[in-house]
Each structure stands twice: as C-alpha cells, then as structure tokens.
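What follows is calculated from the coordinates using simple rules that are stated; it is not laboratory data. Everything quoted here is computed from the prediction, not taken from an experiment. For neighbour counting, all protein chains shown are included, and Cβ atoms are generated from backbone atoms with ideal geometry for every residue, glycine included.
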Amino acid sequence: MILLTGGAGYIGSHIAVELLDAGYDVIIADNFSNASADVIKSIETITGTTPAICQIDLTDKSEVERMFQEIKIDAVIHLAGYKAVGESVREPLKYYRNNLDSTLSLLEAMEKHGVTQFVYSSSATVYGDPGIVEYTESLQFGAASSPYGSTKEMCERIITDVAAASELSAVFLRYFNPVGAHKSGLIGDDPDGIPNNLMPFITQATTGKLPELTVFGDDYPTRDGSCIRDYLHVVDLAKGHVSALKYCMDHKGVEAINLGSGRGTSVLELIEAFERVNGVKVPYKIGPRRAGDLAEYYASPAKAEKLMGWKAELTIDGMCRDAWNFAMKAH
Ligand code: UFG
C-alpha cells in the first residue's frame, strides 16, 4: 500500500491516477483544506478504482501513528503542505509549523513501523539564485527566497539526516513548473480565490473569471523580455513519482532529482501557444516585475533520465490544450 499525502490536491490527484493505473494500492491522506472531495470521485471515474481515503491532520503525531497502526504501509509519497510563496512571506510560522511537523510525524511513524521508502515533493526553489540558468542537482542549496522554499530545503535536510542514521531510502523530486491537466478534463488546477501561478491566471482571465492577466515584467534580459521557466505537464510530473518510487525500492540512501523538461518557455510564448492551440484571446497587460522573480531558469533533466529512465514527453501545446479543456469542463 502506497501512502500518498496531499493526494486530493492538484498534483497529488494526478499521481493517484498514475499509481492506480500502474496497479499500486493507494491510500490518500489529505485534510481537504485546499482540495475538494469531488476529486476522489474523478479519480475513480478515470481509473475505475477506488483509492482508500484517510482524512487526517498530518501535523498531529498521534493521528499519523494511528493511521500507520491501522494500515500496512509499504512506501510514502509526501506532498501535503502549504505551497503559496507570497502567503509564506506574510505567515511564516504557519508554513514552518505545518510543513515541518507533517514531515516529522511521517518520518517518526515510518521509523517505528519499518517503512523505508520515501518520495518527497520538493521544488526548484531550493537552488535559490545560483547565477546560471540550467539547474543541475549538484548545485548547493541557495539562499532561500521564501519561507515556503526554506521548508522544502529543511525537509530535504531532515530526511537526509534520518536516512544517514537508518535504512531509509528517499528521493527528493525538485519540481520546476507543473501545468496542464489530465486529458479527461476531470482533474486539474482549480485554486480557490486568486491563483498563485501563471496557468490558472491564464485560464481564469480567458474565461472572464478574472478581468485580465498581468504579465510581470517585459524588461528582463531574455529573448522577449518576459521571464523564462521550465513548464512541465502535470501528467509527466505524476509519472516521475511512479519512477521515483521504483527507484527507491531498489536503492539505498537519498537522491535529489529534478523533474523538468529541460526547455525554457517565456511568459509571452506560453500565452501565444495558449491562444493558438485553443483559438482564444487571453486578455493581458504588461505590468511591473514581481518581487523575487528570477529572469530565467530551467532544469537539467539528465539525472532523472539516467537514474530513473524518466523524461518529460508532453509538449507546451499539450499543456495549454489540457489546461483549457479542464477549465472549460470545470466552469
Ligand atoms: N507570472 C505572470 N503573471 C501572473 C503570474 C505569474 O507574469 O499573474 C509569471 C511570473 O513572473 C513567472 C512565471 O509567470 O515568470 C511563472 O510564475 P508562477 O508563479 O506560475 O511560478 P514561479 O516560477 O514563480 O514559481 C514556481 C512554483 C513555486 C516555486 C518557484 C521557484 O510555483 O512553488 O517556482 O522554483 F517555489
């Protein structure tokens, strides 16, 4: 049984689908604070399988212990956590308390119950600003750009220390920019309130839910002046977790692995692709830069392919089509 924390969220629900399709038994642990119970029905519709559900506060050590007593867990994929960069700057304690406590509770229960396989949802944000555009895993941690980013780095450090003192085998998956949705249009990125990330802003500006998109700066030293990121289809990202789980089962120790495509796409190029593929106009204006944004970075995806045989397959056009298909079905 694979314990998938945060499995009702945007990325987690896509991982649940890939795990179930690959034949794994899955239990989703989620507190549904930023996810809807309808997502579980959608996972069932897509896969024809019903995952087990545990509604739980993972920061509560005794609740986590009880879950491990009741269910025989073989491996953990840990995504549950707060993830809004801006909010983490305003409410740092909320982020440190939640993101660290949940990871500690899980590690303690895993140790007690002899569970030795752990896939951790990390982020490219741990590189800080290394002064180059292609990020390889051999780069050191950079100065954290937000409390959210600090929690990712701290959890990687904690897991590394635990693995050094035990039989734990762990993979840190450092995500670049996941976008898109399952091709069914049944699951996707549907944030409550004002979105934090670019793609839901594009879809909501296009449906009219938001008046328009603001492009944060067109005076960066990039090919068209807008920021460049490594966008990755969420289904590719989800498959990366299945590969990481298999890797963990056969290897000891810890590995940090980038999940990105290795390609950079600018904000204006993404908007252009979205308009072309979907035959729509994205209402947007150019605004000032957003504090903390780097001009350009993308993943070196070589290690993921070498160690896990994983590489991103889906294109920017596919990401735009699937994101729009989901937005049209959801609203
Ligand atoms: N952008 C806009 N307008 C918007 C929103 C975003 O122009 O309304 C631009 C940003 O300036 C950036 C790009 O779109 O250039 C992508 O922005 P996102 O907010 O979608 O993503 P980020 O690259 O800022 O953040 C991502 C993850 C974080 C992670 C961070 C650093 O969402 O979890 O990368 O690795 F911390």
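Under 5 Å from the amide H of Leu232 lie the amide H atoms of Asn177, Val179, each residue being 5 or more positions distant or on a separate chain, with H modelled from the backbone and absent for Pro and chain starts. Test of understanding: extend the Cα→C-beta vector of Ser166 to 7 Å, then name every residue of the range 78-119 with backbone N under 19 Å from that spot. Taking a point 7 Å out along Cα→Cβ of Ser166, the residues of the range 78-119 whose backbone N falls under 19 Å are 78-80, 99-119.
Site pair Lys183 and Lys281 shows an inter-label distance of 3.2 nm when each label is modelled 7 Å from Cα along Cα→Cβ. The ratio of the alpha-carbon radius of gyration of the range 74-118 to the globular-protein estimate 2.2 N^0.38 Å is 1.36. Calculated FRET efficiency, Ala291 to Lys112, Cβ-Cβ distance, R0 = 56 Å: about 0.85 to the nearest 0.05.
Comparing Val76, Val85, Val119 in a Gaussian network model of the chain, where Cα atoms under 10 Å apart are tied by springs, the biggest mean-square fluctuation is seen for Val85.
Ignoring lysines fewer than eight residues from Lys329 along the same chain, the ones with Cα atoms less than 30 angstrom from its Cα are Lys41, Lys83, Lys183, Lys209, Lys239, Lys281, Lys285, Lys311. Between Ala75 and residues 5 or more places away or on another chain, which pairs have amide H atoms under 5 Å apart, with H built 1.01 Å from N, and which residues are they? Distant-sequence amide H within range of Ala75: Leu3. Within the chain, antiparallel bridges make up roughly 5 percent of the DSSP beta bridges whose residues both belong there. A straight line joining the Cα centroids of the range 189-208 and the range 1-34 runs 23 Å. Between the exposed loop cleavage positions of the chain, defined as GluC sites (Glu not before Pro) in a non-H, G, I, E, B DSSP state with at most 16 neighbouring beta-carbon atoms within 10 angstrom, the longest gap is 1-166.
Rg/Rh, computed from the Cα trace of the range 4-94 with Rh as the Kirkwood radius, has the value 0.99. Based on alpha carbons, the Rg and Dmax found for the range 129-282 are 18.1, 55 Å.
Computed from the C-beta positions of Asp60 and Thr315, the FRET efficiency with R₀ = 41 Å rounds to 0.45.
Relative contact order of the range 1-84: 40 percent, from C-alpha pairs under 8 Å at least 6 residues apart in sequence. Once the Cβ-Cβ distance of Gln69 and Ala37 is raised to the sixth power relative to R0 = 41 Å, the FRET efficiency obtained is 0.95.
Computed from backbone phi, the HN-Hα couplings of the range 277-284 come to 5, 9, x, 10, 9, 9, x, 8 Hz, rounded to whole numbers (Karplus: 6.51 cos²θ - 1.76 cosθ + 1.60, θ = phi - 60°; Gly and Pro given as x).
Taken one residue at a time, the phi angles of the range 95-109 give Karplus couplings (6.51, -1.76, 1.60, θ = phi - 60°) of 6, 5, 4, 6, 6, 7, 4, 5, 5, 5, 4, 5, 4, 5, 5 Hz. Gly and Pro are set to x. Relative contact order, whole percent, for the range 86-179 stands at 39, derived from Cα pairs under 8 Å and 6 or more residues apart. The C-alpha atoms of the range 210-297 occupy a region whose extents along the principal axes are 50, 30, 24 Å, arranged from largest to smallest.
Phi angles of the range 46-60 translate, via the Karplus equation with coefficients 6.51, -1.76, 1.60 and θ = phi - 60°, into HN-Hα couplings of 5, 9, x, 10, 9, x, 6, 10, 10, 7, 8, 9, 6, 6, 8 Hz per residue; Gly and Pro are given as x.
In this structure, the amide hydrogen of Val26, modeled 1.01 Å from its nitrogen in the peptide plane, lies closer than 5 angstrom to those of Ile2, Ala52, counting only residues at least 5 positions away or on a different chain. Working from Cα pairs under 8 Å separated by at least six residues, relative contact order for the chain is 19 percent.
Comparing mean-square fluctuations of Leu314, Leu232, Leu93 from a GNM of the chain with C-alpha springs under 10 Å, the top value falls on Leu93.
Once you have the Kirkwood Rh of the chain from its Cα pairs, apply Stokes-Einstein at 20 °C and 1.002 mPa s and quote D in µm²/s. So the translational diffusion coefficient is about 107 µm²/s. If you model the range 42-198 as an ellipsoid using its alpha carbon gyration tensor, with each semi-axis the square root of five times an eigenvalue, the axes come out at 25, 23, 16 Å, biggest first.
Each label point was placed 7 Å from the Cα along the Cα-to-Cβ direction; for Glu44 and Lys94 their separation is 3.2 nm.
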